[in-house]
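The values are calculated or read from the model by the stated rules, or taken from the named source; none is laboratory data. If you're wondering where the values come from, they're calculated on a predicted model, not measured in any experiment. Please note: Cβ atoms are built from the backbone with ideal geometry, for glycine as well, and neighbour counts cover all protein chains shown.
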Amino acid sequence: MILKEREISIILKKLYALDGRMYNDHIEKSHVHNDLQKKLAERRGEEAVDFYLQFLEQDFFHFLLSIRIPDEQGFFQIDTLTLSPFFILILEIKNWRGTILFGDNGQVIRVRENGTEEGFQNPIPQAYLQRYRLQKWLQQRGLNNIPIYTMVVISFPSTIIKSITQQEIPKEVIHSNQLNFRVNALADKHEQVISKDDIQLIAKQLIAEHTPEDKDILSAYNIRANELIKGVICDDCSYHPMIWHRSKMFCPKCKFTSTNSFLYAIQDFSLLISNKAKNKELRDFLQIDSPHIVKRLMQRLGFDYFGNTNGRKYILNNEVIPNKLIH
Ligand SMILES: [Zn+2]
């Protein structure tokens, strides 16, 4: 049973918004675009593994998808945490495609379909470190002697895993379609050592401590707000700015009209610049001249605000804004 879903990460939302608001000739454009593609691929890889979780006995196995927990050293992040009466299992998910070569010096090399090679950090010690940090977290809560296992799951069964030397491929590394078999085989070797109450307690505490990663994305890429594309962007042809016409947004290029395109622009503002905005700031970003129209729009949409007329700031609550990241 899934006790915590995999939310769309705030960093992914910010990268998506930033990519859509950068001019193609911006020096950081390809950097941002590539990082976005990487994050999207990571998410697709995680979803491919999530598919197989439903085939495990749901009364026994409980899943926390994508958790990030604070500890003395900062945060530790686990792609999929499986809690069961038998053991705790950490899944480190890798969305690698092509051929993956494990060297005996701990090196991991990916060879893409086009023959290019890329080195990676070995995911096994990475998973061991997460295990160590989780173990410490459990001990601090009086939960000792819980067996914790790790598996590195390659999302796509078509990925070829090889060993450079004569040694075997590390046994912790599996394809997603082997997951059920391997987890059940592991469960068969174990007694039930974790009570239902403890499982619930651990899950509840971890969910409460889960802290999604967030950062100021503009400063992360050294981009200034005034370098961003302004205006409401047409959903149909990407032209900007759409113009306000007869209570709708209208695209002068392709004639597309929309009653909610400006919501995406407000979302971009909230993700990239600030989650609070004055009427003047919104006018500038949305490229709508009239303060009255912006005021009416914000009221109609039910955005809260604080401060009096001139200093009034709207709170750009994400719940009011539909999510554009659908795939
Ligand atoms: Zn258009």
(message) Just checking, does segment 202-225 include any residue being within 16 Å of the ligand (Cβ to nearest atom), surrounded by fewer than 17 Cβ atoms within 10 Å (Cβ to Cβ), farther than 29 Å from Glu47 by Cα and of a type in the set (D, E, K, R)?
(response) no
(message) With the requirement that a residue be touching a helix residue (DSSP H, G or I) at 6+ places or on another chain (Cβ under 9 Å) and over 12 Å from Ile223 (Cα atoms), what does segment 25-36 give you?
(response) His33, Asp35, Leu36
(request) Please enumerate the residues belonging to segment 167-181 that are more than 24 Å from the chain's Cα centre (by Cα), under 20 Å from Gln126 (Cα atoms) and not acidic (Asp, Glu). (result) Ile169, Pro170, Lys171
(request) Go through segment 110-129 and give me each residue that's in contact with a Leu (Cβ under 9 Å, 6 or more places away or on another chain) and touching a residue at least 12 places away in the same chain (Cβ under 8 Å). (result) Arg110, Val111, Ala127
(message) Considering only residues that are more than 17 Å from His175 (Cα to Cα) and either exposed (fewer than 13 other Cβ atoms within 10 Å of the Cβ) or more than 19 Å from the chain's Cα centre (by Cα) (or both), which ones fall in segment 39-64?
(response) Glu57, Gln58, Asp59, Phe60, Phe61, His62
(message) Here are the criteria: (1) touching a strand residue (DSSP E or B) at 6+ places or on another chain (Cβ under 7 Å); (2) within 16 Å of the ligand (Cβ to nearest atom); (3) of a type outside the set (Asp, Glu). Tell me which single one Lys276 does not satisfy.
(response) (2)
(message) Take the residues in segment 227-250 that are within 13 Å of the ligand (Cβ to nearest atom) and small (Gly, Ala, Ser); name whichever of them is nearest to His292 (Cα to Cα).
(response) Gly231
(message) Among (1) at pLDDT 95 or above; (2) within 22 Å of Val183 (Cβ to Cβ); (3) surrounded by fewer than 15 Cβ atoms within 10 Å (Cβ to Cβ); (4) not charged (D, E, K, R), there is one condition Ser155 misses while meeting the rest; what is its number?
(response) (3)
(request) Only residues in segment 284-307 that are among the hydroxyl-bearing types (Ser, Thr, Tyr) count as the first member; pair them with residues that are surrounded by 12 or more Cβ atoms within 10 Å (Cβ to Cβ), Cβ under 7 angstrom, at least 6 apart or cross-chain, and list the lot. (result) Tyr305/Arg312; Tyr305/Lys313; Tyr305/Tyr314; Tyr305/Ile315
(request) Name the helices (runs of 4 or more DSSP H) wholly inside segment 149-234 in which the number of residues that are in the same structural domain as Glu72 (by TED's automatic domain parsing) and under 18 Å from His62 (Cα atoms) is 2 or more. (result) 179-188, 196-209
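Given the criterion in the same structural domain as Gly311 (by TED's automatic domain parsing), closer than 16 Å to Ala17 by Cα and either aliphatic (A, V, I, L, M) or surrounded by fewer than 16 Cβ atoms within 10 Å (Cβ to Cβ) (or both), identify the matching residue among Ile288, Ile273, Ile293, Ile243.
Matching residue, one of Ile288, Ile273, Ile293, Ile243: Ile273.
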(message) Can you tell me which of (1) under 15 Å from the mean Cα position of the chain (by Cα); (2) modelled with pLDDT under 95; (3) among the β-branched types (Val, Ile, Thr) is the one Ile67 doesn't meet?
(response) (2)
(message) Scan segment 251-259 and tell me whether some residue there is more than 13 Å from the ligand (Cβ to nearest atom), exposed (fewer than 14 other Cβ atoms within 10 Å of the Cβ) and either in the same structural domain as Asn275 (by TED's automatic domain parsing) or touching a residue at least 24 places away in the same chain (Cβ under 8 Å) (or both).
(response) yes
